[in-house]
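FYI, it's all coordinate maths here, none of it is from the lab. Note that this is a predicted model, so its numbers are computed, not measured. Don't worry about glycine lacking a Cβ; one is built from the backbone with ideal geometry, like all the others, and counts go over all protein chains shown.
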Amino acid sequence: MAIERFFTTRSELTAALAAEIARRVSDAVAERGAAGLVLTGGSTPAPLYQALTEIAAPWDQTVVTLSDERWVDAPDPASNEGMVRESLLKGAAASARLVGLKTAAVAPVQALNAVEAAVALVPAPYDVVLLGMGADGHVASLFPHAPELAAALDTDRPARVCAVDRPEAAGAAARISLTLRALTDARWIAILIEGEAKRDALRRIADEDIASAPINAILRQSDVPVEIWWAP
């Protein structure tokens, strides 16, 4: 069962979560010589990543990748890679290595082997997997009732990434996403949500099946500790 960590303000949440991530990075490097992080995109985590740039940690021994990516190049405003590069890879964290998911291939399905190989470079089990949640219960780019969802949720399959075609999704229809197998190959998962609407959505989908609310695949598994970090 997920631990819930509620904060009075977003600034308090940001400071606390940044400190926790930096601590886990430092511990991972001290214990294993490297740290692996999976980070979420979108606008919500940008202040968190900016806070991490001010915390001294062994970032030069840290490899970062993304939970999912829109099939656009990094300069595009919709790119998760672009957002992470601009908000995290500077200051104290400038030396962290980012493994992006977007390639030069025309479509995600043509890039699966290359992206699998790239993701394999991130130390796993991942020390931190930071996720968001959509109001519809999607996580990463695993959307309710999507054609690729059953395969993406099957942890007996070796694939760590899947191609996504979601015409109604914001930013870009073509996407690539880590699978549940990859997202739960972790030592710790944090779900970052902000605002009353997202908290209400989390409560609303609590009893829904996983096909209707893929975030429940994360919340209901018991192999990896999960924490929900929320502020209004």
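Less than 14 Å Cβ to Cβ from ALA111, Lys/Arg counted +1 and Asp/Glu -1: what total charge do the surrounding residues give?
On the way: positive: ARG70, LYS102, ARG160, ARG175; negative: ASP68, GLU69, ASP73, GLU81, GLU116, ASP165.
In short, -2.
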Handout entry: Qualifying trypsin sites (Lys or Arg not before Pro) for the range 136-232 [loop in DSSP, other Cβ within 10 Å: at most 15]
Key = ARG220
Practice task
Mind telling me which of GLU194, GLU116, GLU168 comes out most flexible in a GNM of the chain, alpha-carbon contacts under 10 Å?
Solution key: GLU168
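Could you calculate the contour length gain from ARG204 to GLU86, that is, 0.36 nm times the residue separation minus the distance between their Cα atoms, to one decimal place in nm?
Details: separation 118, 0.36 × 118 = 42.48 nm, distance 3.41 nm.
This chain segment gains 39.1 nm when fully extended.
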Completion exercise
Most fluctuating of THR40, THR14, THR103 in the GNM of the chain (C-alpha, under 10 Å) is THR103
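Taking 0.36 nm per intervening residue step and subtracting the Cα-Cα distance, what contour gain separates ALA46 from ARG10 on full extension? List each step's numbers first, then the result.
Values: separation 36, 0.36 × 36 = 12.96 nm, distance 1.19 nm.
Net length gain for the segment: 11.8 nm.
By the gyration tensor of its Cα atoms, with a ≥ b ≥ c the square roots of the eigenvalues, what is the shape of the range 105-195: rounded for a/c under 1.5, prolate for a/b over b/c, or oblate? Write down the numbers at each step before the final one.
Numbers: a/c = 1.59, a/b = 1.03, b/c = 1.54.
Verdict is oblate for the range 105-195.
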Handout entry: Alpha-carbon radius of gyration plus Dmax, which is the widest Cα pair, for the chain in Å
Key = 16.3, 45
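For the chain, what is the mean residue ellipticity at 222 nm derived from helices alone (per DSSP H run of n ≥ 4: -39500 (n - 2.57); sum divided by total residues; nearest 500 deg cm²/dmol)? Before the final figure, lay out the partial values.
Numbers: 8 runs with 69 residues, N = 232.
The helix-only estimate for the chain comes to -8000 deg cm²/dmol at 222 nm.
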Exercise for the section: Just rank LEU89, LEU178, fewest to most, by other beta-carbon atoms within 10 angstrom. Expected result: LEU89, LEU178
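Output the direction-averaged projected area (hull surface divided by four) of the convex hull of the alpha-carbon atoms of the range 14-124, in nm². Don't skip to the end; give the middle numbers.
Numbers: hull surface 26.2 nm².
The directionally averaged projection comes out at 6.5 nm².
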Exercise for the section: Only bridges with both residues in the chain count here: give the DSSP antiparallel percent, nearest 5. Expected result: 30 percent
Problem - Relative contact order [Cα under 8 Å, 6+ residues apart], the chain, whole percent - result: 25 percent
Exercise for the section: Rank SER95, SER87, SER43 by mean-square fluctuation in a GNM of the chain with C-alpha springs under 10 angstrom and give only the top-ranked residue. Expected result: SER43
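Cβ under 10 Å from ALA74's Cβ, ALA74 left aside: what net charge do those residues give with Lys, Arg +1 and Asp, Glu -1? Before the final figure, lay out the partial values.
On the way: positive: ARG85, LYS102; negative: GLU69, ASP73, ASP76, GLU81, GLU86.
Summing Lys and Arg as +1 and Asp and Glu as -1 gives -3.
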